[in-house]
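Notes for the one structure printed next.
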Amino acid sequence: MELTHIEHLGIAVKSLEESIPYYENVLGLKCYAIEEVADQKVRTAFFKIGQTKLELLEPTCPESTIAGFIEKRGEGIHHLAFAVADGVANALAEVEGKGIRLIDKAPRRGAEGLDIAFLHPKSTIGVLTELCEKGK
Ligand code: CO
């Protein structure tokens with residue numbers, strides 16, 4: 001498996017509208033897209049820094065895993081996403097072979113048309129880890 005860069009950091013927030021001004025007015029970043037990912041019950045807002053993005057995640061309903069995360073741990077960094085060069089499915093097979101527990105057994109479609117899959121934080125020393133690659 002070859003990781004090429006940190007694709008994005010996922011940050012759980014209660015409200016995009018209340019969070020975006022901090023990133024824009026204080027940090028000077030520009031929100032370039034807002035997208036709802038119905039599958040994950042979130043609305044996302046994207047910022048770019050070099051080739052890395054920040055992905056703000058707002059729950060769209062109480063059943064969203066992001067809502068559960070905020071309730072338990074408060075707002076803050078939720079996951080770390082690595083870009084893989086050689087296919088998410090290949091990477092999953094490789095890490096599963098090394099005994100890593102998977103949340104997603106197969107890649108699924110995430111925001112921005114990426115193929116994504118999550119590794120279980122119990123196997124990744126507490127960091128919810130996402131592997132992703134531009135979908136084909
Ligand atoms: Co993500």
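Observations, loosely collected:
- Some residue of segment 75-92 being closer than 14 Å to residue 130 by Cβ, touching a His at 6+ places or on another chain (Cβ under 9 Å) and assigned to a loop (DSSP other than H, G, I, E, B): no
Conditions (1) within 12 Å of the ligand (Cβ to nearest atom); (2) farther than 21 Å from residue 85 by Cβ; (3) not aromatic (Phe, Trp, Tyr), marked per residue:
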site	(1), (2), (3)
96	no, no, yes
107	no, no, yes
112	yes, no, yes
116	yes, no, yes
120	no, yes, yes
127	no, no, yes
132	yes, no, yes
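- Against the criterion of being within 14 Å of the ligand (Cβ to nearest atom), surrounded by fewer than 15 Cβ atoms within 10 Å (Cβ to Cβ) and at negative phi, residue 66 does not qualify.
- Single residue of segment 32-63 satisfying the filter (hydroxyl-bearing (Ser, Thr, Tyr) and free of Cβ contacts under 8 Å to residues at least 40 places away in the same chain) that is farthest from residue 13 (Cα to Cα): 32
- Filtered by the rule that a residue be open to solvent by 60 Å² or more (accessible area, probe 1.4 Å), among the acidic types (Asp, Glu) and more than 15 Å from the ligand (Cβ to nearest atom), segment 17-44 gives 17, 18.
- Of the residues making up segment 95-122, those that are of a type in the set (Gly, Ala, Ser), at pLDDT 95 or above and either over 17 Å from the mean Cα position of the chain (by Cα) or not in a loop (DSSP other than H, G, I, E, B) (or both) number 3.
- Conditions (1) among the acidic types (Asp, Glu); (2) in a strand (DSSP E or B); (3) within 23 Å of residue 73 (Cβ to Cβ); number of the one not met by residue 35: (3)
- Selection count where residues are small (Gly, Ala, Ser) and open to solvent by 70 Å² or more (accessible area, probe 1.4 Å), scope segment 72-96: 0
- Taken across segment 71-85, residues that are closer than 27 Å to residue 27 by Cβ and over 17 Å from the mean Cα position of the chain (by Cα) do occur, with at least one present.
- Only one entry of 48, 14 meets the criterion of being at pLDDT 95 or above, open to solvent by 60 Å² or more (accessible area, probe 1.4 Å) and over 17 Å from residue 113 (Cβ atoms), and that entry is 14.
- Segment 123-136: number of residues that are in a strand (DSSP E or B) and in contact with a His (Cβ under 9 Å, 6 or more places away or on another chain): 3
The values are calculated or read from the model by the stated rules, or taken from the named source; none is laboratory data. Note that the coordinates shown come from a computational prediction; the quantities given were computed from them, not determined experimentally. When we count neighbours, we look across all protein chains shown, and the Cβ atoms used for this are built from the backbone with ideal geometry, even at glycine. The protein model used for the area step is the full one, side chains on, heavy atoms only, and it has no ligands, DNA or RNA in it. Shrake-Rupley method; radii C 1.70, N 1.55, O 1.52, S 1.80 Å.
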